[in-house]
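Worksheet for the structure shown next.
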Amino acid sequence: MKKKPFFALIFLFISISALFLISYKLENSVVGNQEILNEIDKLLLPVYNQNVTESSFLKLQKLTEGDAYASDEVSEIIVLANEKEYSHIGHSLGFLYEYVQTGKIPICPGHSLSHYYVFSKHGETDLAIGNLESAKENFGAWKSGVKKDSNYDANFNLIDSLFKRVESGNLTASDDEIDVLAELPCA
């Protein structure tokens, strides 16, 4: 009968540890974090006015530490700020805002593919390749999840043709194509 208290003690220890980990995860989650949402709101006008630098995003970077998606987005935003790619910063802030609000990672292969070209243009090879891989990984889910509006076929064909171009060794896209990609709807 001595084994029952031992197992009860182990069960209690495991339960307390699990509760601690859950509460730690909730305390460090960016999802629903109003301070992050407020910081993003504060940055929108300076981004629109093209009046941001890397230092503009340091607080946001600190606030998103510990969340892989959010911190990766902010890291990309900082590179975009250094390269003065303001429209892409605005899109990325929008996706980050949506993620912090809902906890759902947007499925946006057009956005990722546009960043592939932008980062390639600026010699940011690792970020470019990461965005290309993300675009390819999300393309299937996007095809089945995006609202099928009157532009769906043209949007699908643009992404598909650019994937084929990249695979054939043509790593360029026009500024117009990049702008269209950045504006495509997400699933």
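The values are calculated or read from the model by the stated rules, or taken from the named source; none is laboratory data. Keep in mind that what you see is a predicted model, and the values were worked out from it rather than measured. All Cβ positions, even for glycine, are placed from backbone atoms using ideal geometry, and neighbour counts span all protein chains on display.
A few comments on the model shown:
- Residues of region 25-49 classified as loosely packed, with under 11 Cβ neighbours inside 10 Å and either at pLDDT below 95 or not in a helix (DSSP H, G or I) (or both), total: 4
- Exclusive hit being out of contact with any helix residue (DSSP H, G or I) (no Cβ under 7 Å at 6 or more places or on another chain) and touching a residue at least 24 places away in the same chain (Cβ under 8 Å), set Glu39, Glu54, Glu83: Glu83
- Filter pass, Val166 being modelled with pLDDT of 95 or more, farther than 24 Å from Leu93 by Cβ and β-branched (Val, Ile, Thr): yes
- From Lys84, Lys143, Lys59, residue being part of a helix (DSSP H, G or I), assigned by TED's automatic domain parsing to the domain that holds Leu43 and basic (Lys, Arg): Lys59
This table checks each residue for (1) within 24 Å of Tyr86 (Cα to Cα); (2) surrounded by 12 or more Cβ atoms within 10 Å (Cβ to Cβ).
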| residue | (1), (2) |
| --- | --- |
| Ser144 | no, no |
| Asp149 | no, no |
| Phe156 | no, yes |
| Asp175 | yes, no |
| Asp179 | yes, yes |
| Ala182 | yes, yes |
| Cys186 | yes, yes |
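- When each of Ala182, Ala154, Ala135, Ala173 is tested for being farther than 25 Å from Val79 by Cβ and hydrophobic (A, V, I, L, M, F, W, C), the lone residue that passes is Ala154.
- Checking each residue in region 167-187 for being among the aliphatic types (A, V, I, L, M) and assigned to a loop (DSSP other than H, G, I, E, B) picks out Leu171, Ala173, Leu184, Ala187.
- Region 98-125, residues that are part of a helix (DSSP H, G or I) and surrounded by fewer than 18 Cβ atoms within 10 Å (Cβ to Cβ): Glu98, Gln101, Thr102, Lys121, Thr125
- Hey, Gly130 within 26 Å of Leu37 (Cα to Cα), of a type in the set (Gly, Ala, Ser) and within 13 Å of the chain's Cα centre (by Cα) or not: yes
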